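Peer 1: Please find one structure pasted underneath; my questions will follow.
The values are calculated or read from the model by the stated rules, or taken from the named source; none is laboratory data. Worth saying up front: this structure is predicted, and the values here are computed from it rather than measured. When we count neighbours, we look across all protein chains shown, and the Cβ atoms used for this are built from the backbone with ideal geometry, even at glycine.
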Amino acid sequence: MEGAKSRCARDGYATGVASRCLRNGLPAGAFGIIYNHMVVRYPDPARANSVFHALADATRRDIVRRAMTRSYPVSSLARHYPMSFAAVQKHVAVLERAGLITKERRGRKRLVRTDIESIRAATRVLDDLEAVWRARVERMDEILAEPDASPPTEGVDPCR
């Protein structure tokens, strides 16, 4: 007997849809058209996840903002936050792994500077996502503005 997952895979649905098919216990296509694919394609989805995870924290966003104007030693950055030096170092490490900042050694100091090109790339992804959602909202407005072609059925409460 063919399982729901294999039916979804056979019909060419992505893993996300297959898992939805499994959750609902329905064969693929049993619930109409599925809009599970974003129009926006990321060059590297893992990197996009890393960047947006890093930017999800207010302290890290502030570090990125400060380091845009000039290079800062980590010790100077740490003075701006009500947390330990080690905690600020961890925030900087998350930002560095995400590629949002770079560290440069000057003597005994490690200087932190924002990688502007990474910020621009994140902005482009957000702009693309905004365009997708604006188009979807516009399409919903068009659908809602279309006159209803079917006459109301007699004896049916329209409020139900």
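Peer 1: Pull up the range 90-124, narrow it to residues that are touching a helix residue (DSSP H, G or I) at 6+ places or on another chain (Cβ under 6 Å) and closer than 14 Å to Ala48 by Cα, then point me to the one that is modelled with the lowest pLDDT.
Peer 2: Going through the qualifying residues, I end up with Ala122.
Peer 1: Can I ask one more? Given the conditions (1) out of contact with any His (no Cβ under 9 Å at 6 or more places or on another chain); (2) farther than 22 Å from Ser118 by Cα; (3) at pLDDT 80 or above, and given that Ser50 satisfies all but one, which numbered condition is not satisfied?
Peer 2: Of (1) out of contact with any His (no Cβ under 9 Å at 6 or more places or on another chain); (2) farther than 22 Å from Ser118 by Cα; (3) at pLDDT 80 or above, only one is false for Ser50: (2).
Peer 1: Being more than 26 Å from the chain's Cα centre (by Cα) and not assigned by TED's automatic domain parsing to the domain that holds Arg66 is the filter here, so list the residues in the range 103-144 that pass it.
Peer 2: Glu142, Ile143, Leu144
Peer 1: Find the residue count for the range 97-118, including only residues that are surrounded by fewer than 16 Cβ atoms within 10 Å (Cβ to Cβ), assigned to a helix (DSSP H, G or I) and touching a residue at least 12 places away in the same chain (Cβ under 8 Å).
Peer 2: The qualifying residues number 2.
Peer 1: Pull up the range 60-79, narrow it to residues that are buried (at least 16 other Cβ atoms within 10 Å of the Cβ) and hydroxyl-bearing (Ser, Thr, Tyr), then point me to the one that is nearest to Lys109 (Cα to Cα).
Peer 2: The qualifying residue nearest to Lys109 (Cα to Cα) is Tyr72.
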